[in-house]
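Below: the structure, in structure tokens.
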Amino acid sequence: MSRRGGGPRPTRAGGPFAGSVLALSLWALVAHNSGSGWVQALGCLLAGFVVVGLFGPALAVSRLRVTVESNPSEGTEGLGVRVVLGISAPGAVRGRPPCGGPTVTGEGDLELQVVPDRRGAIEHLELDVSSASPFGLLWWHKTVRVALPRPLWVAPTPGAPDAAFVSSGTPRGGLEVARHRDGALGEPRGVRPYAAGDPRRLVHWPATAHRGELMVREAERPDAAVPHLRVALLDDGPAGDAAARRALGTLLELLGRSSPVMVSTLERDGPRTEPVYGPADARRRMARAVAATGR
Amino acid sequence: MTEVARGAPPDIIAAAGAAPEQPDAGRGGRLWAAAALARGLEANLTSVVRGAPGALRTAVVAALCGGHLLIEDVPGVGKTVLARTLARSLGAELSRIQGHPDLLPGDVTGVTVYDQRTGVWEFRRGPVFGHVVLLDELNRTPPRTQSALLESMDEQQVTVDGETWALPQPHLVLATQNPVGQLGTFPLVESQLDRFALSTTLGYPDAQSEARLALHDGGRDAMSTLRPVCSIGDWAAAIAATAEVTVVPSIADYAVAITRATREAPGVRLGASPRASIALVRSAQAHALVSARSFVAPDDVAAMAVPSLAHRLVVDGDGRFAASVVGSVVSSLPVPRP
Amino acid sequence: MSVLRRIRAANAPGPPEHSVVLRIAAAWTVALGIAACAAEGELGASTAGVAIVALGAGSVFSYRRRSRPMPWLKLVLAVVAVVAFWWFFFQISKANGVTNLGAVEGPLAVLFTWIQVTHAFDVPSRRDLAFSLAGSVTLMAVAAAQALDMGFAPFVLAWVAGMLVGLGAMWGSMCASRPRAASALVGGGVLAAVGAGCLLVLPAPSVSSRLVFPSSLAGDVSLASPAGLEGTGGGATLPVRAGSPSGRSTVGGYLGFAGPLDTALRGTLGDQLVFRVRASRPTFWLAESFDDWNGQSWLETAGPGPEWRAVPGGSPFGLAPVAPSASGTEDVQTFYLAEPGPNLIFHAEVADQVWFPADRLYMDRDGDIRSGTSMGPGSIYTVVSLVETPGAAALAGASGPGLDPSDLARFTELPHPYPRVAALARRITAHATSTEAQVLALEAWMGRHTRYTTDIPPLARGADTVEEFLFVERRGYCEQISTSLAVMLRTLGIPTREATGYVPGQYNPITDLYDVEAKDAHAWVQVWFPGYGWQSFDPTAQVAAVNPSPAATIGHEALGALRRIPVLPSALAAGVLAMVAALVVLRRRRPATEAAALGATLERAARRAGLEPGGPESLASLGVRLDAALPPAEGEPAASLIAAAAEAAAFGGRAMSPPEAAALARAAASVLRRARRRRGARAGAR
């Protein structure tokens, strides 16, 4: 769905408008005073070309509809992600802050690169949609706010590790997956689809071949002591983002030493304390974390 | 006012060609016989299994259209009773295969053994050689056995040691599946799910029905008095007659539109295949017979959309979400009207 | 440094343009511009042919080399362009100063053509192709400046089509999409509407005296006797003879452009185009005036001095008009000859200046102008006139110095007394107080009592034209009518002369030209008013006063066309058409089958009952809902049963029998009545 974010406006229209008016006035003056009817008639047709060329795009832009057909669910701040747009007619699209990016032109399905400039959930894109239809003489543009089919979670870039986040100990609640590192496998329970961060050794190849996607074994095992990272963000602004970067740095550091790491964060749905197995999971958790105050 | 308008429901099958007194005259007679069989079957099922009319109707439809039925539900809600009742009502014996992780393909299809007295290799038929086969807890069997089973279902034959054995006809497989994600299960692949014409869930019965079940030992005494409603031959004839139920092009278009719409529905990763369209039309024909009609009405298609499509979709959530996707597709598409 | 970099950036070739459609359209528009210039005579046919072939070759070449632009080619092309400019200025300076726009336009067209052709060899990018499209505008403009007739329209249409396709392809190439025919068509439609709107709103073009006027001769041959009238053997000595429809002084069969105007002759007027006139307002294009009436012919009286004097100087010739006042509004007329004409210079009264590219021009004492050379088709000359258009009140109160006595005698002289004519004229003008009123009264009388026709018998030998017309025939054409008016005025002592020439002709709002045809030849009366000079009176027809704008012209013609439409047959035809259309619509809206009709009735009932019948719901389910909302009483039909029957008919592949269909239709109607009744009851309860 796209929503109008203000009417169409011409892009750098001063020159074309002034030039057209000047040229047509001059033409009209010469045609009128030379008394040649065909020159005047030709000038009228030129005026038609100018009117259609200068104002046609306004109509085209106002009729242009843009939707986001698909988007990845994860990204990283400062790095481009590609979303697939559906555009109802030929035109050009560019992301606007906080998800800017280069312009793409075309029709139908377009692949647009947007660069989210901060961490968090992105549910809408501000897009700058423009068109010069039908003659390509002048571009008009409008800003639309387009809903994403699913939220794009933007992870922070890892910052410097900070020991203040970490506490050791066993959190309440069972650990879902056994640690394979020490070779002690718990009671096998079944298979489940692979989730980012699962150790490769847990992959159950027969089930994977059968199912067509990566499946991992599940087992139950008594709790083990794991490092515990407690992340509390100050706000959902720049300070919170900085804290999330440091927390991610810390988490990646911890994961380098042992996996999993128990991570407590506050998410929109409430507090979440779950183990993190790998970097992808870590980024995802830091993307979803919110501050206690800013909910 | 005519008879039609005044009150008694118009018996369309009678109107379609033959009077009820002459059940064997032409297409109308065949349809009439099949509809009568369907009604008897439904009455038998209702007397034993209580509290799940939708599932029972789906089971009857599966029996009439000759497609296999997948029942997905938690243990203990009467899946086996349903299968047994259906088998007995159709005049067949139920062969039952209990799925477990150690089940091998040979346990199902049969094995070739050496007879020392005669000195020849002899094929011992497995439990799959039955008219009505109950595959209990299908997703607890390992994938190898699953695929052996499902291929026999699809091709109506079993190949062991290079020899091909045809399965008895008609052949109806009722498979039960514990909800996906339960402990110790091997999920079924989409292509295998696609071989089931219909799927349904029984669900827990309401309090009244459950009390009645407790009182009558789970309907076992009702089962003991159950009479078959037909012979195997009648059943085969009914399956053949189902194919004769009229489907006009606008109805077929409606069914295809529903199938296609599932492919574009939000939250669906893989929509229903063209095989699903065929199954939808076929089951709608059976549903029309159950409703005592000689033609498929839009409501038949709508009623069979969830049972014949939901299990084939690969969706972001679980099976319940698939059913709601199909439901929302059906409720959003325009219905053909006269 | 930054300036240099900027220049380099501006000259850097853009990304190569791959759209073949855009390239073809660009070449097409330029080729059309060249062809149009050739068609309007701006370019020679061979030059145009070579240019178009070179243009095609250049387009193909630059398309093939689009990804590998050649910097040295730019340099070569720049040199060629400089040479072309140098040639252009050389041509202009050779033409001995700019005397005439036509002298510039020819070289200009050649210059534009060669610039476009050389440019075609180096159009790698979209910007270059856009320049080609824009350049074709200049070529078309140069051609349009010379276009005189509607023969230019096909060029314009084809050029507009090329521009539309080219611009559409340019946009398609900009956004990497296929050009869309629909948007090009819509754009073209809007463009045509805007163009037509501008054309209607803009005032008609007018010639400004601040410009240099065109004049050129084609097929000119010096005449044997310098001021003699070509084709008549010279002067007023032509014997009376039957007219022939061809010949320089009898263009299109009109015999009035000879030395004498013989009213006994009967010519037949053709409808070939004689010349086109670009003028600020329509007036009589005067060729000759006559002062001497001999009862059958108008002649020029030989004066005391030489009859024709050479006008001194060269083009433009200053005529020093003989009118008493040289203060009228300026009217510029340019004549474009389409047929070989007499060597008379047509003009609006009173000619002041003539732009005529010959050494000599001759003028007589009454202001008639002749050239010393013949004029072929394509000859152009321009006359600047000072037109005095006093209103009726001004003429009524006209005062000032009268004619000198010899002239007064010339213009009131009659060959014999005409007693009956004089008596008639006095009777008609009995109540007129001024000269103007007398003229108008006589005109009105002639309008009432005489009939216009060109089909009158030749005048008997010895008969007097005026007596014959006024008292015997009372039928005739402009010569008889105007001569009679002139003679009647002379019997009243009013100085009068006979004039011949052309009426303004048909105005074409597109070309802004008056198309004068042979049948527009005319004779009329000029009356002397002190202070205002000779004023034309046309007893035969009325003349529009001002140059109409295109909108007025088109509107007038449309109104005329509307008036010509027969009302009753059109109304009948429209009625029949409307009935047929209504039948078709009704047929289309009527449900195709009985089942559909039942469904529609049930839907209406549901709507009446306040149910929403439009949702995704089958008819059977709607029937059930209807029954729930409107429970049928005992003996009433149930909507669900009707719905089931309709579905059975529609989806069961079984046609309804007529009695069954009728019964169901009645049942459905009763459900509809029930819905209405319940609704009324609900409304009443509320």
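The values are calculated or read from the model by the stated rules, or taken from the named source; none is laboratory data. Here the structure is a predicted model, which means the values were calculated and not measured. Cβ sites come from the backbone with ideal geometry, for glycine too, and all protein chains shown count toward neighbours. Accessible surface is based on the protein model in full, side chains and every heavy atom, while ligands, DNA and RNA are left aside. Shrake-Rupley method; radii C 1.70, N 1.55, O 1.52, S 1.80 Å.
Placing +1 on the Cβ of every Lys and Arg and -1 on the Cβ of every Asp and Glu, with no other charges, gives chain B a dipole of roughly 400 debye about its Cα centre. A simple charge model with +1 on the Cβ of Lys and Arg, -1 on the Cβ of Asp and Glu and nothing else charged puts the dipole of segment C:14-201 at about 800 debye relative to its Cα centre. Applying the criteria of a DSSP loop state and at most 10 other Cβ atoms within 10 Å to the trypsin sites (Lys or Arg not before Pro) of segment C:438-500 yields C:461. Take the Cα of residue C:444, step 7 Å toward its Cβ, do the same at residue A:157, and the gap between the two points is 10.0 nm. Between residue C:583 and residue C:3, the simple label model (points 7 Å from Cα in the Cβ direction) yields a spacing of 8.2 nm.
Across segment B:116-197, C-alpha contacts under 8 Å between residues 6 or more apart give a mean separation that, scaled by the residue count, equals a relative contact order of 40 percent.
Estimated from helical segments only, the mean residue ellipticity of chain B at 222 nm is -14500 deg cm²/dmol, where each DSSP H run of four or more residues counts as -39500 (n - 2.57). The residues C:413, B:137, sorted by heavy-atom accessible surface at 1.4 Å with ligands and nucleic acids left out, run C:413, B:137 from largest to smallest. The mean number of Cβ atoms from other chains found within 10 Å of a Cβ in peptide A:202-214 is 2, as a whole number. Mind grabbing the accessible area of residue A:229 for me, 1.4 Å probe, Å², rounded to tens? Here the residue's solvent-accessible area equals roughly 0 Å².
Accessible surface of residue B:328 in the full protein assembly, 1.4 angstrom probe, to the nearest 10 Å²? Accessible surface of residue B:328 is approximately 60 Å². Taking amide hydrogens as placed 1.01 Å from N in the peptide plane, the amide H of residue C:332 sits under 5 Å from those of C:280, C:385, each at least 5 positions away in sequence or on another chain.
Largest first, the residues C:29, C:433, C:453 sort by 1.4 Å accessible area into C:433, C:453, C:29. For peptide A:103-110, the mean count of partner chain Cβ atoms within 10 Å of a residue's Cβ comes to 2.
Scaling against 2.2 N^0.38 Å puts the C-alpha radius of gyration of chain B at 1.03.
When the Cα gyration tensor is reduced to axis lengths a ≥ b ≥ c, the ratio a/c is 1.5 or higher for segment C:15-114, and with a/b not above b/c it is classed as oblate.
Inter-part distance, segment C:409-443 to segment C:341-357, computed on C-alpha centroids, equals 32 Å.
When the surface is traced with a 1.4 Å probe over the full set of protein chains, residue B:32 keeps roughly 70 Å² accessible. Note: relative contact order over chain B, using C-alpha pairs below 8 Å and six or more positions apart, is 22 percent.
Per-residue accessible area (protein heavy atoms, 1.4 Å probe) orders A:77, C:330, C:473 as C:330, C:473, A:77, starting from the largest.
Note on A:86-97: average number of Cβ atoms from other chains within 10 Å of each residue's Cβ is 2.
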